[in-house]
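The values are calculated or read from the model by the stated rules, or taken from the named source; none is laboratory data. Because the structure is a prediction, the values reported are computed rather than measured. All Cβ positions, even for glycine, are placed from backbone atoms using ideal geometry, and neighbour counts span all protein chains on display.
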Amino acid sequence: MATQTLTQAIATLSLRAKDAPEKHKTDKPQEEVKPEETYKYAHLLPVFPKEHFPPLEPFEHVDPGHRALTHPNPRSFLDNATSVIELTPNLGTEVYGVNLAKLTSDERDQVALEVARRGLVVFRDQEEFIDRGPEFYLEWGRHFGRLHVHPTSGHPEGYPEFHLVYRDANSTLNFEIDDSITSTVWHSDVSYELQPPGLTTLFLLAQPHTGGDTLFTSQVSTLKKLSPAFVAFLKTLKAVHSGFEQADFSRSGRRGGVVRREPVQHVHPLVRRHPVTGEEALYVTKQFTRRIVGLKKEESDNILNFLYNHISGSVDLQARLHWSPKTVVLWDNRVTAHSAMADYGKELSKERRHGLRITPQAERPIPAWDGLEL
C-alpha cells in the first residue's frame, strides 16, 4: 500500500546516509556503516489513506469542567506539584510534578476547569503520558468530548482521531503559506466546524534543538482591551468560518493531498461565552474567518483586519511556549488563539518536528449576547 511504503520510508531515516561516498569510508569494515537508528515513534508517523468520511453529526456536549465547579477544592490535582508557575498574569500556567497519566476522572475534570480559567496549561516531564500510546490517547481525549477527525491532515496508521504536525529537512505536512513574509498564522483550531474544539492536548514526539515554539494569546484579554461601546457592537455580529481554503490547499497536492470529508462553513458569533466560566472572548481567526454576516465587504474587511492586527500585535497578552522534551500542553480553543513558529527547516535545521494533537469537540459557540440568532 502506498501509505505503508511512505511510512516505512520515513521510519527508516538515519542520521547518516546509507550509501556514503567512497572518500568517507575507512579500511575497517566494522566501522564503515553503523546500524540504522530506528525512530522510537515510527508507528505514529503520518499516513494519508484515500478514505472518505460522512459529514459530522451534531451531538450534545457536557463540559467536564462543570463537574469540577462543585468540588470542594477544584485545584487539588495540583496538591503534589513541585512547581506551579504563571507564565503571564492572564494566560498560561506551567506545572511540574503532576503525572497526567495517573490522574483520576475527578482530577481530569479539575484540569478541564483550570485550562478554561487559565487558557493554557503546560505540563512538563510527561514521559509516561506520551509513551502510553494511541489507545491511552483515545481514552484521555474522550474524557473531554467527541474526538475530531481532521479532514485533511496526516494521522498515525489506524488512528484518524489524531492530528499530526510534521516537518523535517525534506518535507512539511503543515498548513503553511509559502509566499508570506511570516510563518505566523493566528487561529483557533478547525473553527469552521459547527462544534469546534474545546480543551485540546498537544505534545511533540521529536523536535529541533531550537526553534519551533508555539505562540498563544488570550482572546478574553484581547476583548477586554477594546472599548465597551465597540464590544457591545461586536456582540451583535456573527461571521462565516470556512474550511474550503484548507481543503483546496490539500487538493492542490500539498499536505498529503487528501480531503477525507467535504469542507464546510458555519456561522459563529464574533464574541462567545464560555459555558463553564462565563467569560467572554473574541472568536475570529485569520486562518478561517472569512466575512461578517450582514455587512458590506469593505465594512467587514475593515473590522476583521482591525481585530486580526489587534490579536497579532498585542504582545502583552501573549505567551510564547518553548518546547522541552516530554512536554504536554493543554489549551482551550474557545478562549485562546495560537500560532506555530516555523523558524527552522531546510536552511536552518535538518531536524524533525513531529507533534500529535488530541482534539475533542465542544459545544456550538454560545453568543455573548443572548439576542444574537445564529
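Structure values in brief
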read-out	value
The lone exception for HIS61 - which of (1) assigned to a loop (DSSP other than H, G, I, E, B); (2) over 16 Å from ALA112 (Cα atoms); (3) at pLDDT 95 or above it fails	(2)
Which numbered condition VAL271 fails, given (1) surrounded by fewer than 19 Cβ atoms within 10 Å (Cβ to Cβ); (2) more than 22 Å from THR88 (Cα to Cα); (3) not charged (D, E, K, R)	(1)
Selection status of PHE249, exposed (fewer than 15 other Cβ atoms within 10 Å of the Cβ), of a type in the set (Phe, Trp, Tyr) and either assigned to a helix (DSSP H, G or I) or under 19 Å from the mean Cα position of the chain (by Cα) (or both)	no
The one condition in (1) more than 27 Å from PRO49 (Cα to Cα); (2) part of a loop (DSSP other than H, G, I, E, B); (3) touching a helix residue (DSSP H, G or I) at 6+ places or on another chain (Cβ under 9 Å) that ASP125 fails to fulfil	(3)
When residues of segment 273-310 are limited to those that are touching a helix residue (DSSP H, G or I) at 6+ places or on another chain (Cβ under 9 Å) and charged (D, E, K, R), the one nearest to VAL62 (Cα to Cα)	GLU279
Number of the exception - LYS235 against (1) within 18 Å of HIS274 (Cβ to Cβ); (2) surrounded by fewer than 17 Cβ atoms within 10 Å (Cβ to Cβ)	(2)
Only listed residue being within 23 Å of GLU161 (Cβ to Cβ), in contact with a helix residue (DSSP H, G or I) (Cβ under 7 Å, 6 or more places away or on another chain), aliphatic (A, V, I, L, M) and modelled with pLDDT of 95 or more, chosen from LEU270, LEU205	LEU205
Some residue of segment 137-150 being farther than 30 Å from GLU245 by Cα, outside any loop (DSSP other than H, G, I, E, B) and at pLDDT 95 or above	yes
Subset tally (residues that are more than 26 Å from HIS61 (Cα to Cα), surrounded by fewer than 20 Cβ atoms within 10 Å (Cβ to Cβ) and in contact (Cβ under 8 Å) with a residue 12 or more places away in the chain) for segment 124-143	5
Wholly enclosed strands (runs of 3 or more DSSP E) of segment 282-347 bearing at least 1 residues among the small types (Gly, Ala, Ser)	318-321, 336-340
